[in-house]
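Engineer: Questions regarding the structure given below will be posed in turn.
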């Protein structure tokens, strides 16, 4: 029988495969009183709610707490939550309640020891399209094309872009993003990286 190779010069055994790199769990949240978009590894979802201008304080509180609870359920256990920052030129709707909801969700995430990043609306648009002034329909179109996702509304598209930005910041982008788009990450408020990577 002929040996396939000289035993004195046998090839070295292949190196043992190292551990798989850790895959970070990131959630993206586009917070709204009427339709909050949430994106996680499981996909995107829309949390809807409705209210009336004449609602009592108790009714308004109950509504906000209900939204917070649904958001926390949708987010689950993650390493990082990326939320869209407030739009300072926003008009219409209940600005007071919307701001309150934003802070209730941020506080609830911190209570779960989930690090939070804030991405301004212009940075979200720039990361998605390359233009910080892009409208929501352009972000929706760009998100569907880049990530191959079927997104039923712009709230879920925004949430997906926020999640993608967080994963990119952690070195695990969902897809290749042009450098000009990726520059939007510099305009965000990120937590200490060790808070996320040490979890």
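What follows draws every value from the coordinates through simple rules; no lab data is involved. Since this is a predicted model, take the numbers as computed values, not measurements. Please note: Cβ atoms are built from the backbone with ideal geometry, for glycine as well, and neighbour counts cover all protein chains shown.
Engineer: Can you compute the helix-only [θ] at 222 nm over the chain? Use -39500 (n - 2.57) per DSSP H run of at least 4 residues, normalise by all residues, nearest 500 deg cm²/dmol.
Structural biologist: Working: 7 runs with 82 residues, N = 199.
The per-residue figure over the chain is -12500 deg cm²/dmol.
Engineer: Next up: Determine, for each peptide in 168-176, 36-44, the mean count of other beta carbons within 10 angstrom over its residues, then list the peptides with the highest first. If you can, show how the numbers build up before the last one.
Structural biologist: Details: 168-176: 15.1, 36-44: 21.3.
Averaged packing, sorted descending, gives the order 36-44, 168-176.
Engineer: Here's something else I'd like to know. What do you get for the angle between helix 57-75 and the principal long axis of the chain? Use alpha-carbon atoms, 0 to 90 degrees, nearest ten.
Structural biologist: 10 degrees
Engineer: Using the alpha-carbon atoms, what tilt in degrees (0 to 90, nearest 10) does helix 154-169 show relative to the longest principal axis of the chain?
Structural biologist: Value to nearest ten degrees: 40.
Engineer: Also, quick follow-up: Thinking of the range 48-199 as a set of Cα atoms, what percent of all their pairs are more than 23 Å apart?
Structural biologist: Numbers: 4640 of 11476 pairs.
Roughly 40 percent, rounded to a whole number.
Engineer: Still on this structure, please answer the following. Arrange the peptides 154-165, 51-62, 22-33, 185-196 so that the one whose residues have, on average, the most other Cβ atoms within 10 Å appears first.
Structural biologist: On the way: 154-165: 27.5, 51-62: 11.0, 22-33: 22.4, 185-196: 14.5.
In decreasing order of mean packing, 154-165, 51-62, 22-33, 185-196 become 154-165, 22-33, 185-196, 51-62.
Engineer: Using a 10 Å cut-off around each Cβ, can you sort 126, 65 from fewest to most neighbouring Cβ atoms?
Structural biologist: Going from least to most buried by this count: 65, 126.
Engineer: Continuing with this model, one more query. Taking 25 Å as R0, compute the FRET efficiency from the Cβ-Cβ separation of residue 62 and residue 112 and round it to 0.05.
Structural biologist: Numbers: r = 21 Å, r/R0 = 0.86.
My answer for the efficiency is 0.70.
Engineer: A follow-up question, please. Calculate the length of the line joining the C-alpha centroid of the range 169-199 to that of the range 97-122, in whole Å.
Structural biologist: Centre-to-centre (Cα) distance: 18 Å.
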